[in-house]
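Presented below is the structure to which this report refers.
The values are calculated or read from the model by the stated rules, or taken from the named source; none is laboratory data. Bear in mind that the values here come from a model prediction, so they are computed numbers and not experimental data. Because the Cβ atoms are built from the backbone with ideal geometry, glycine has one as well, and the counts that use them run over all protein chains shown.
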């Protein structure tokens, strides 16, 4: 008779193994590792999102394959893992952003938005009858003080701050490339190309306007904007000539 992977300790989310592990959380993290690659970078002024996109030729464009979402005008998120799980958390984050405006007459900060998501994720690691969310977020934006921020959340509800980071199936290689080429004082034009350069290292000739999505939040207007296919193609042309 075959033995289960977690030796029975993965039967309930509330049960620790003798080594202090929660196997269902680790399984959720593995779902993130198998997801498409997402990369977010910031400099002292702006934020850029870039994600690998997979879809079939018969699929409607940008319906069901989204990996970048808007939380509020000044906050966006790139995901890796289960998109359905991500939508539930993003809808919650959007409501929290509007509640913050109603209660305090100001936009929610990137950090507070991230903390709200982390608290909700963590609750699903300690209650019976539920499972962890199988998705990680790279949440980034520009607050009212004009300072950009970037945070990572994982299925456990943990949170880290970064200047540039990657998640998903190509994360290890992408992080190595970012560590070598990222500079905090790079210009906005250089910042726009860095995530695409990183994806190019992973995807090679498969990188084109139909296999990636790019979004920006620039200091001049502090507004999240998902680029059109024409704008993506223009950026990719700059990538080839730079």
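Each residue in the stretch 125-148 was checked for being over 13 Å from the mean Cα position of the chain (by Cα) and either in contact (Cβ under 8 Å) with a residue 12 or more places away in the chain or within 17 Å of residue 218 (Cα to Cα) (or both), and 15 of them qualify. The residues of the stretch 149-169 that are without any contact (Cβ under 8 Å) to a residue 60 or more places away in the chain and over 21 Å from residue 39 (Cβ atoms) amount to a single one, 157. Residues satisfying the criterion are present in the stretch 61-74 (criterion: more than 12 Å from the chain's Cα centre (by Cα), over 18 Å from residue 154 (Cβ atoms) and surrounded by 22 or more Cβ atoms within 10 Å (Cβ to Cβ)).
Tell me, please, whether a residue that is at pLDDT 80 or above and under 19 Å from the mean Cα position of the chain (by Cα) can be found in the stretch 1-24. No, because not a single residue in the stretch 1-24 is at pLDDT 80 or above and under 19 Å from the mean Cα position of the chain (by Cα). Selection over the stretch 168-184 of residues that are more than 14 Å from residue 51 (Cα to Cα) and touching a helix residue (DSSP H, G or I) at 6+ places or on another chain (Cβ under 7 Å) gives a count of 5. Selection of the stretch 52-81 for residues being under 20 Å from residue 113 (Cα atoms) and either in a loop (DSSP other than H, G, I, E, B) or modelled with pLDDT under 95 (or both) yields 67, 73, 74.
Residues in the stretch 2-28 that are in contact (Cβ under 8 Å) with a residue 40 or more places away in the chain and buried (at least 17 other Cβ atoms within 10 Å of the Cβ): 13, 22, 24, 25, 28. The numbered conditions (1) part of a helix (DSSP H, G or I); (2) out of contact with any strand residue (DSSP E or B) (no Cβ under 6 Å at 6 or more places or on another chain) are all true for residue 9 except (1).
A single entry from 192, 219 fulfils the requirement of being over 23 Å from residue 86 (Cβ atoms), under 18 Å from the mean Cα position of the chain (by Cα) and either surrounded by 15 or more Cβ atoms within 10 Å (Cβ to Cβ) or in contact (Cβ under 8 Å) with a residue 60 or more places away in the chain (or both): 192.
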